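Visitor: Take a look at this one; I'll ask things after.
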Amino acid sequence: MKTSADPVRDYLSAVGRESAALPADRSQELLADLAEHIEVTRAERPQAPIGTILAELGDPRTIAATALAEAGGAAAGAPTRTGSDAPVRRGRVHPMVPLLMLTLSLPFTMIFPDLPGPVFGVLFRIAGAVLLCTSVHWTTVQKTTGVLVTAVLPTVVIATWNLSGAPAGTPSLVAGLVTLALLAGAAAWLWRVRRA
């Protein structure tokens with residue numbers, strides 16, 4: 001694979017390509033800010049490899065997605081369009097998908113208590129948490145709260161319940177329904193606070 005003589009130019013070009021849907025002035029401002037940040041960092045830390053500095057800035061796709069999300073919020077919900085006049089995708093996955101996966105993981109396990117129910121429930125919970133964490137629709141704090149409340153807490157409750165040797169039946173059903181209500185409430189909150 002051919003390596004570039006100017007990794008900074010390649011990095012800024014990648015950000016420019018990924019953020020092509022931004023208005024021209026906002027795109028230029030973004031690239032100027034990044035170039036200035038790189039220049040200042042290089043002056044402050046001359047021994048740091050340029051690859052390290054660029055890695056600290058983040059992936060060009062992530063930077064572009066953040067800028068597009070901010071531009072979308074600033075335009076009061078106006079759809080951003082590319083040169084071909086096609087709407088720009090804000091995220092790869094609709095925000096409802098991780099919320100449904102996280103919420104439905106428990107009912108699936110409750111309805112099918114024998115294999116493969118628990119396996120699919122755990123897989124849904126893991127996939128939902130990953131999709132939530134990689135989504136552009138929530139802030140880091142919202143993602144962390146969402147994963148803790150919809151994935152970690154129910155897993156701890158279910159594991160504690162199963163390891164305690166508590167009998168199956170009505171108490172187990174009540175605990176499951178309370179946990180389901182918690183999942184639904186957290187999913188509703190995440191839906192309400194999502195970015196458009």
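Visitor: How high is the relative contact order of the range 105-176, in percent, with contacts defined as C-alpha pairs under 8 Å that are six or more residues apart? Could you put the intermediate results ahead of the total?
Guide: On the way: 32 pairs, mean separation 16.8, N = 72.
That works out to 23 percent.
Visitor: Once the piece of chain linking residue 162 and residue 191 is laid out straight, how much longer is it, given 0.36 nm per residue of separation minus the C-alpha distance between them?
Guide: Extending this stretch completely gives an extra 7.4 nm.
Computed from the coordinates by the stated procedures, all read-outs in this text should not be read as laboratory data. Source: prediction; values computed, not measured.
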